[in-house]
Each structure stands twice: as structure tokens, then as C-alpha cells.
1. Take region 181-238 and flag every residue that is open to solvent by 20 Å² or more (accessible area, probe 1.4 Å) and basic (Lys, Arg).
2. When region 94-138 is examined, which residues are found to be within 29 Å of residue 56 (Cα to Cα), out of contact with any Leu (no Cβ under 9 Å at 6 or more places or on another chain) and basic (Lys, Arg)?
3. For region 109-123, name all the residues that are hydrophobic (A, V, I, L, M, F, W, C) and at pLDDT 75 or above.
4. So, restricting to strands (runs of 3 or more DSSP E) that lie completely within region 37-137, which ones have at least 2 residues that are among the aliphatic types (A, V, I, L, M) and farther than 16 Å from residue 147 by Cα?
Amino acid sequence: MRRLVTGMFAFLALPIFVVVPLGGGQGTVSVPVAPKVQQITVATVGETEQAFPSTDSFQMVSAAWDRGALALGAVLQVRVHSAGSWSGWSDLDLSDVAPDPGTADARGASADGARDVSEPLWAGSGDGVDVRVAGSGARLPAGLELSLIDPGTSAADADPTHVAGHGAIAHADTLTPQILTRADWGADESLRSHNPGCSTPAYSSTIKVAFVHHTATSNDYTPDQVPAILRSIYAYHVLSNGWCDIGYNFVIDKFGRIWEGRYAASINRC
């Protein structure tokens, strides 16, 4: 399965709007809907698979489990139920992204004890989930919990200014590229204060090293779904992992567009 490219400092839905009547018969206005995360605890005693065929709607899925509880060589997999049928199985890869030690993000991540977490998987839309472990003799890991993420809705989902980027051809350019802002993907700025100690962002005075991170989520998405994907990753990092913000400074989608990730990451603000 191909993947969306993201980075710590990187190049890199069905929308449901609440409609509120306006006074005097003036029409309606679409109000953004906040993201939410369903947490599902998975029974693991002797189990290799467990299905949850009926859940609230979601568009991204991830998992967490007790650190080291997944057997060596075992792979956690999920499939998603949508519109009356199941998708194929997809791996939930172990995440290799973690906050810097001593930061507010790291303190939030350790609040629930030692846990391994997966990369998030974009599902497009789902109303049920099935999880299994692949590997000879392996069992679902202890403490397994699924996070089913609904990114909510935003006016950014239908913004016609989100044009295609530079495409797949690499070339040198001395000009500053266009960076779409957090507002362009509908970031809920109140989430940055959701976890304790996260109200004030902190920044280094200099850049000493940069990492490009390639996500493990699906590459099967359309240009207009990218804002929802970014809101889903943001909600996952904050509401599930306990971080202060999305973990990437910049995100590049497969259409070549660069998006501001972490708050104030844009070079126009630094």
C-alpha cells in the first residue's frame, strides 16, 4: 500500500455539517464540527482476532498496547467495515515518532504509562473495525486499544484555493514555496490546550537537524480529503497520544502541496 509523506521538518468523510438557520429568513450557515476519538478496548486473552462490526463513523484508525506486548515478528492488522462490506487487511505499523525527552509532549505521552503506539491508518470512511495479529503463534497484545478518529468538518474541506502543487518532479528552487496554513486545513486551535502543560508552544532558537518521516497511512486519497487527513492526525497525536500538537512541522501530500503542521512552524512566523 502506498503512503502519505509527512515529516518532523518535512516536505512532507463524508462531511457532515451542522446547519444553523439565520434570522429573518436569510438562509443557512455551515458550522465546523470538532474532531473526536472513539477508544475501543480489545479483549486479548488467547485471541488472534476481534471484530467490532458496528461503531460510530470514523475515518482514521490507530492502536496502542502495553510496551513490548506484541510478539517479535508479529504484525497487527486491521480491516474496516463500510457501506455493508469489509476492506482488505492493512498493517498497523509501530510508530517510530516520539517527542523530545523533557518536553510537554513527552510528559503527556507518558501519562498513561509505558505504551507502544501505531502509525495512524487513513480509512476514508468506516462504521466498523476488525483487528487481528499475523504471525505464527502470536496473540493480540495485552492492553490493546483502538482509536477510531473522526476529523469533524471544516470550511477547509471545500476550499477551492487548494490547488495542485508541483507534482512528482524534483527540482531545485531558490524561491520560498507556498505553504498552506493551519487555517487552510481547519486546525482546531483549542486542541493545543487540551492536555496539561500544553498552552504555550516552545521553540528552539536554531535548527540543527531535520528529519523526513514517511507515514504508514494509506495513499488512497483525493485532494479534497487532505484537510480531513491532517485534522485526523492532529486529533490522534493530541487526543490519543497525549501530545500538545500534531507531531510534524510540515506535511507534503502526494499532490505536491506543502502544509503547515505544528503551530507556528511556518517560516513566515518563525
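1. Once the filter is applied, which keeps residues that are open to solvent by 20 Å² or more (accessible area, probe 1.4 Å) and basic (Lys, Arg), region 181-238 yields 192, 208.
2. 115
3. Scanning region 109-123 gives 109, 114, 117, 121, 122, 123.
4. Per the criteria, 128-134.
The values are calculated or read from the model by the stated rules, or taken from the named source; none is laboratory data. Just so you know, these numbers come straight off a predicted model, no measurement behind them. Virtual Cβ from ideal backbone geometry, glycine too; neighbours counted across all protein chains shown. The protein model used for the area step is the full one, side chains on, heavy atoms only, and it has no ligands, DNA or RNA in it. Shrake-Rupley method; radii C 1.70, N 1.55, O 1.52, S 1.80 Å.
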